[in-house]
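S.K.: Here it is: the structure, laid out below.
The values are calculated or read from the model by the stated rules, or taken from the named source; none is laboratory data. On a predicted model such as this, the values are computed, not experimentally measured, just so you know. We place every Cβ from the backbone using ideal geometry, glycine too, and count neighbours over all the protein chains shown. Accessible surface is based on the protein model in full, side chains and every heavy atom, while ligands, DNA and RNA are left aside. Shrake-Rupley method; radii C 1.70, N 1.55, O 1.52, S 1.80 Å.
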Amino acid sequence: MRIVLLGAPGSGKGTQAKLLSKQLNIPHISTGDLLRAAVAAGSELGMQVKEIMAAGHLVSDDIMLGLIEERLGHDDASGGFLLDGYPRNLIQAKALDELLDRIGMPVEEAVDIAVDNEQIITRIAKRAELEGRSDDTEEVVRRRLQIYEEQTAPVSAHYNQHGILTQILGEGSIEEVYARINGALKQTNDPAS
Ligand code: AMP
């Protein structure tokens with residue numbers, strides 16, 4: 001399966017991605033995780049993106065395309081993948097379509113996890129306590145949510161136009177949301193069942 005997972009920061013997208021990748025046996029490719037690892041390693045890329053991430057802004061489309069192209073070239077991605085955090089705007093969505101068409105592996109499913117903003121703020125406040133991320137402060141979270149609404153929400157519309165979007169309600173327990181996603185994926189793969 002080649003899946004793109006969409007959802008605002010704090011929608012539970014990362015948690016669901018981990019569970020799904022294990023069950024479907026496909027790599028979970030989180031651009032946020034890749035960037036955080038680069039920052040922690042102090043690499044050239046890490047130094048380039050550290051301040052941008054801490055402020056809640058988006059890293060440039062060129063840097064992101066290079067990063068995702070490199071990652072998708074690894075052997076483990078040849079049998080499918082689950083993208084988490086990419087694409088984040090329409091330019092990235094189109095660049096990804098082009099890249100995947102070129103290698104004959106187009107996205108099959110885009111799953112959008114919807115959660116209302118108030119719940120998101122509560123969830124992120126919890127995560128801030130647990131993980132201590134520098135971009136989980138209230139001011140930065142508000143900026144990330146605004147950027148999400150302006151730039152990432154249109155990505156859902158893009159996949160909807162291609163007829164591969166599934167919208168999932170992200171409220172409830174981890175297990176409940178997981179069951180909803182699984183049910184939707186099963187239905188698209190086996191509509192007769
Ligand atoms: P995430 O863990 O997906 O919420 O990403 C954390 C931060 O990494 C974002 O707020 C951005 O600064 C950066 N980032 C992750 N993915 C992308 C992307 N596809 N395009 C631009 N910036 C990104």
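S.K.: If LEU58 satisfies all but one of (1) open to solvent by 30 Å² or more (accessible area, probe 1.4 Å); (2) within 23 Å of GLU138 (Cα to Cα); (3) part of a helix (DSSP H, G or I), what's the number of the condition it fails?
M.R.: (3)
S.K.: Being under 15 Å from ARG133 (Cβ atoms) and more than 12 Å from the ligand (Cβ to nearest atom) is the filter here, so list the residues in segment 35-50 that pass it.
M.R.: Passing the criteria: only ALA40.
Okay, residues lined up against (1) under 19 Å from SER21 (Cβ atoms); (2) in contact with a strand residue (DSSP E or B) (Cβ under 6 Å, 6 or more places away or on another chain):
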{"position": "GLU69", "(1), (2)": "no, no"}
{"position": "TYR86", "(1), (2)": "yes, no"}
{"position": "LEU90", "(1), (2)": "no, no"}
{"position": "ALA95", "(1), (2)": "no, no"}
{"position": "GLU98", "(1), (2)": "no, no"}
{"position": "GLY104", "(1), (2)": "no, no"}
{"position": "VAL107", "(1), (2)": "yes, yes"}
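S.K.: Checking LEU83 against (1) more than 13 Å from the ligand (Cβ to nearest atom); (2) outside any loop (DSSP other than H, G, I, E, B); (3) touching a Leu at 6+ places or on another chain (Cβ under 9 Å), which test does it fail?
M.R.: Tallying (1) more than 13 Å from the ligand (Cβ to nearest atom); (2) outside any loop (DSSP other than H, G, I, E, B); (3) touching a Leu at 6+ places or on another chain (Cβ under 9 Å), LEU83 fails exactly one: (1).
S.K.: Oh, and also: Quick check on this structure: which one of GLY32, GLY104, GLY10 is at pLDDT below 95 and within 14 Å of the chain's Cα centre (by Cα)? Walk me through it before giving the result.
M.R.: Values: GLY32 fails: at pLDDT below 95; GLY104 fails: within 14 Å of the chain's Cα centre (by Cα).
None of the other options fit; the residue is GLY10.
S.K.: Moving on. Only residues that are in a helix (DSSP H, G or I) and in contact with a Gly (Cβ under 7 Å, 6 or more places away or on another chain): list them for segment 4-23, please. Please lay out each step first, then the result.
M.R.: Narrowing segment 4-23 to residues in a helix (DSSP H, G or I): 13-23.
Matches in segment 4-23: LYS13 only.
S.K.: Can you tell me which residue among ARG88, ARG71, ARG127 is over 14 Å from the mean Cα position of the chain (by Cα), closer than 20 Å to PRO9 by Cα and either outside any helix (DSSP H, G or I) or not hydrophobic (A, V, I, L, M, F, W, C) (or both)?
M.R.: On the way: ARG88 fails: over 14 Å from the mean Cα position of the chain (by Cα); ARG71 fails: closer than 20 Å to PRO9 by Cα.
Within the list ARG88, ARG71, ARG127, the selection yields ARG127.
S.K.: Would you mention how many residues in segment 167-177 are open to solvent by 30 Å² or more (accessible area, probe 1.4 Å) and of a type in the set (Val, Ile, Thr)? Before the answer, list the steps.
M.R.: Step one: filter segment 167-177 for residues open to solvent by 30 Å² or more (accessible area, probe 1.4 Å), giving 167, 169, 171-176.
Filter once more, so that each one left must be of a type in the set (Val, Ile, Thr): 174.
Qualifying residue count for the region: 1.
For (1) more than 10 Å from the ligand (Cβ to nearest atom); (2) open to solvent by 10 Å² or more (accessible area, probe 1.4 Å); (3) β-branched (Val, Ile, Thr), each residue gets a yes or a no:
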position: ILE63; (1), (2), (3): no, yes, yes
position: ARG71; (1), (2), (3): yes, yes, no
position: ASP75; (1), (2), (3): yes, yes, no
position: GLY79; (1), (2), (3): yes, yes, no
position: ILE103; (1), (2), (3): yes, yes, yes
position: ALA110; (1), (2), (3): yes, no, no
position: ARG142; (1), (2), (3): yes, yes, no
position: ALA153; (1), (2), (3): yes, yes, no
position: GLN161; (1), (2), (3): yes, yes, no
